[in-house]
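Student: Here it is, the structure, as structure tokens.
Each value in this text was obtained by applying a stated rule to the coordinates, not by laboratory testing. Because the structure is predicted, anything quoted here is derived from the model rather than measured. Neighbour counts run over all protein chains shown; Cβ positions are idealised from the backbone, glycine included.
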Amino acid sequence: MYASKIAAFALLVQGMFAAPTTTPTFQNHGTLSGWDGVNHEHKGTVTQVKDQSYKPDTSIKVVQIYDSGYTGRYHSEVYKKDVYRVGDDGFYGFAFRLDPKWDTSHGQSYNIAQFISNLKDSPENTCKDDWIPSGMIWIEKDQLYIRSKGGNMCKSTLKKYKIGTIKPGNWHQVVLQAKWRSDATGYYKVWLDGKQAVEESNIITTYHDNSKKYGFQFRTGLYANGWHDDKKMEGSQGTRTLWVDEISVGKKYEDVVPSKN
């Protein structure tokens, strides 16, 4: 009897100090299933492939192709709806790889992740724009950036932060912790390849929405926004390719780290 009590106590202590389990609210292992949608515009493509992946055995390959006679946007993304509303906190993680031949010689912008919502019907949206992004993560040359944006939907507050250096051909992992606030009580913390790269507090991270009605999508892939916004392509690389894998949304860091999922 005494021995059994000792054994039971040992199991109890072991359980108290065991690593906590993680339960992502959304997780995708580089497949086209489980998403709320796929968006590829003009000549862009979004496919599931096996020849590249961060972890076995698939990833999502996204491609966009420049067309000088085209005036629309260049999205090739997958998206998950309602990952946050104003007032929420969350963690978001994904891995990505640029094509080894990715041209880093110029500073045109290529977006690889964003949070966006259709706010056209919001009473606070007096300018009546429809799809308005808040947080965005993008590449300029060989640098990765993130922005915080929010407050007034038509006269928003925007700040830009450098995350770190990216090497084409290598897999990188990004984790974002965000407090989604429409006043200066928001918060961003970003890890690149397991190392903390950004920590910004007392910032505006999303838009005024007193009703908390509007949910924001999380999109990842490639949006060649520089081609559209600048109305031209810089450099000579008219086809841009990257891969994304191990995408997660959760309530804590361990939920979303690509290397642990």
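Student: Assigning unit charges at the beta carbon (Lys, Arg +1; Asp, Glu -1) and nothing else, what dipole magnitude in debye, to the nearest 20, does segment 136-255 show about its Cα centre?
Tutor: Here segment 136-255 has a charge dipole of around 380 debye.
Student: So, one more: Ranked highest first by average number of other Cβ atoms within 10 Å, how do 225-236, 131-142 line up?
Tutor: Top of the packing list down: 131-142, 225-236.
Student: Here's something else I'd like to know. Which of rounded, prolate, oblate describes segment 143-206, given a ≥ b ≥ c as roots of the alpha-carbon gyration tensor eigenvalues and a/c under 1.5 marking rounded, otherwise prolate only if a/b is larger than b/c?
Tutor: Since a/c reaches 1.5 and a/b is larger than b/c, the shape of segment 143-206 is classed as prolate.
Student: In whole angstrom, note down how far apart the Cα centers of segment 180-238 and segment 142-160 are.
Tutor: 6 Å
Student: Still on this structure: Can you pull out the trypsin sites (Lys or Arg not before Pro) in segment 158-227 whose DSSP state is coil and whose Cβ has at most 11 other Cβ atoms within 10 Å?
Tutor: In loop regions of segment 158-227 (DSSP not H, G, I, E or B), the sparsely surrounded trypsin sites (Lys or Arg not before Pro) are Lys212.
Student: Please give me, ordered by residue number, the chymotrypsin sites (Phe, Trp or Tyr not before Pro) of segment 179-208 that lie in loop per DSSP and have at most 13 other Cβ atoms within 10 Å.
Tutor: Nothing satisfies the criteria.
Student: Next question. Does segment 152-261 come out rounded, prolate or oblate by the C-alpha gyration tensor, with a ≥ b ≥ c the root eigenvalues, rounded set by a/c under 1.5 and, if not, prolate when a/b is larger than b/c and oblate if not?
Tutor: oblate
Student: Using a simple charge model, +1 on the beta-carbon of Lys and Arg, -1 on the beta-carbon of Asp and Glu, nothing else, what dipole does segment 55-167 show about its Cα centre, in debye to the nearest 20?
Tutor: Roughly 280 debye for segment 55-167.
Student: Mind pulling the angle between the C-alpha long axis of helix 2-17 and the longest principal axis of the chain? Nearest 10 degrees, somewhere in 0 to 90.
Tutor: With rounding to tens, the tilt is 20 degrees.
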